[in-house]
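Structure record follows, encoded as structure tokens.
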Amino acid sequence: MRQLVEFLGKFSFRVAQLAGLVAVMHSPTLSFVFRWVSPVVLLGLLSVEMGLPLTNFQQVRKMVVRFPYQSSSHLELAVEAGRDGDYGLAENEYWLTKSGARDQRVLGTEFGDIEKNVFPREWLELEIGELEDDIEKFPGHRDLLLRLAVKYGQVDNWDKATETWERAEKLDPNNTEVIRIGELLP
């Protein structure tokens, strides 16, 4: 390792000489910088590029760069971007993939499975609508009311979340799940 650092130091020193910094290089401080600090910085940059594992998002993004015409790589990037909260990128990649697909399947995946990650708010609003319809059919169903209260909280509709939770609490005030969800509400 020491030999590599010395080699890089000499290399940096030679580059500085060729760049016309020969007169400046007689300074002991600059000589130290070019002989020892710059090789250590170079080694650090090389180790960061080669040594650290990539996150799933970085791996998928790298795959899209390598295979830009492969629908599956764009689809995976849409999912990973959605998981990471970059919904703008997720939506762009989703529509790019969907417009390129002739049918609604890419490598055996239904687009509906992916939309939960790409469009979470829209998906939650659809689920809220379905739960509201179910509660109209079964108004005294505590678990449906609790699920709806949680969904309202996920879309930041705290007034409706509290109102729905209170309806569930009236049905079963001693239930541990009712109490636990009530503690989560503001």
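The values are calculated or read from the model by the stated rules, or taken from the named source; none is laboratory data. Since we're looking at a predicted model, the values are computed, not measured. All Cβ positions, even for glycine, are placed from backbone atoms using ideal geometry, and neighbour counts span all protein chains on display.
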Residue pairs within 9 Å by beta carbon, gap of at least six or interchain, first lying in region 125-154 and within 21 Å of E183 (Cβ to Cβ) and assigned to a helix (DSSP H, G or I), second modelled with pLDDT under 90 and among the hydroxyl-bearing types (S, T, Y), listed first then second, are none
Requiring at least 1 residues that are under 20 Å from Q154 (Cβ atoms) and modelled with pLDDT of 80 or more, the helices (runs of 4 or more DSSP H) wholly within region 62-118 are 71-84, 87-100
Selection from region 160-186 of residues of a type in the set (A, V, I, L, M, F, W, C), over 31 Å from the mean Cα position of the chain (by Cα) and more than 11 Å from L148 (Cβ to Cβ) yields L171, V178, I179
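E177: in contact (Cβ under 8 Å) with a residue 24 or more places away in the chain, acidic (D, E) and surrounded by 15 or more Cβ atoms within 10 Å (Cβ to Cβ), yes or no?
Values: in contact (Cβ under 8 Å) with a residue 24 or more places away in the chain: yes; acidic (D, E): yes; surrounded by 15 or more Cβ atoms within 10 Å (Cβ to Cβ): no.
Against the criterion (in contact (Cβ under 8 Å) with a residue 24 or more places away in the chain, acidic (D, E) and surrounded by 15 or more Cβ atoms within 10 Å (Cβ to Cβ)), E177 does not qualify.
Scan region 119-162 residue by residue and report those that are farther than 28 Å from N174 by Cβ and at pLDDT 90 or above.
If the condition is that a residue be farther than 28 Å from N174 by Cβ and at pLDDT 90 or above, then G129, E130, D133 are the ones that fit.
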